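Single-structure report; data block below.
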Amino acid sequence: ALVVPLLVPVLALGLAGCTGDDDPPADPETSAPETEEPSAEPTPSEEPSSEPTVEPHPALADLVITTSGLGPLTVGVPPESNPGAEMIALDPEACVSDELGTPENPARWLAEGYPTDTNYMGEPATPFYVDADDRGVHRIDVMGTSPHTPEGIHVTSTLAELRAAYPALEGPYAGPVSQVWWITDEAGTLVFETQGDADGMLPAGTPEMVVLIRVLEPGMSPEFAAANSGNVAGACF
């Protein structure tokens, strides 16, 4: 009868050791589940510009002649704000001459940074001339063989090639030693002068060919000839 009272405290003690009361309390800061920091919004990449890049000073062989001008040099637009402003420079004394006399305004816009080209005779030539003032570029005369139209016509192309490239070609206007042909749109007028072997202008048997090309601003009449006359854009007379 004395055995039972002795076992009850021992059992109670054993049960007390199983409750986990001796374990240290959980730290709320370390036991809480980790949460991911919200990711920053991705920075949208810049979309490529849809504007085409314009070369302000194309190489001579890369100059394309159109009704609007020569490469980026555009008729009807002032030199200072012209897309082709780097192709020309103002020479304040371009027409100063003791022999020929100096005009009231001797300044002229000239081709800038271009090498000498060859003309339709294979002789050294200034690649192009410009008639311009503060109001705009009015006329561009292409004398060199390197520049070309998008259709591949250039100085020395034959009349047959010219007509094939431009079925709607207008003209001809008959000049003293040449024929004048043109195409016109709202941008300007693209003019071609052709010449053959008549009157010994070219060696006998030479097919009629383009001897110069010019671009005129809108509103200018193309019906005039300039071949072999010294009448070039920006002439000093």
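The values are calculated or read from the model by the stated rules, or taken from the named source; none is laboratory data. These numbers come from a predicted model, not from an experiment. Because the Cβ atoms are built from the backbone with ideal geometry, glycine has one as well, and the counts that use them run over all protein chains shown. Just so you know, the surface numbers come from the protein's heavy atoms only, side chains and all, with ligands and any DNA or RNA stripped out. Shrake-Rupley method; radii C 1.70, N 1.55, O 1.52, S 1.80 Å.
Summary of values
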| read-out | value |
| --- | --- |
| Some residue of segment 209-216 being farther than 30 Å from Leu100 by Cα and either in contact with a Phe, Trp or Tyr (Cβ under 7 Å, 6 or more places away or on another chain) or modelled with pLDDT of 95 or more (or both) | yes |
| Filter result (of a type in the set (D, E, K, R) and either part of a helix (DSSP H, G or I) or more than 16 Å from Ala225 (Cβ to Cβ) (or both)) within segment 143-177 | Glu151, Glu161, Arg163 |
| Pairs with Cβ under 8 Å, 6+ apart, first in segment 148-167 and in contact (Cβ under 8 Å) with a residue 40 or more places away in the chain, second part of a helix (DSSP H, G or I) and open to solvent by less than 20 Å² (accessible area, probe 1.4 Å) | Ile153/Leu162 |
| Filtered residues of segment 122-170 (kept if under 23 Å from Ile88 (Cα atoms) and among the charged types (D, E, K, R)) | Glu123, Asp131, Asp133, Asp134, Arg135, Arg139, Asp141 |
| Scope segment 124-142; condition hydroxyl-bearing (Ser, Thr, Tyr) and either at pLDDT below 95 or assigned to a loop (DSSP other than H, G, I, E, B) (or both); matching residues | Thr126 |
| Scan of segment 172-217 for residues that are open to solvent by 60 Å² or more (accessible area, probe 1.4 Å) and closer than 19 Å to Val137 by Cβ, ordered by number | Thr184, Asp185, Glu186 |
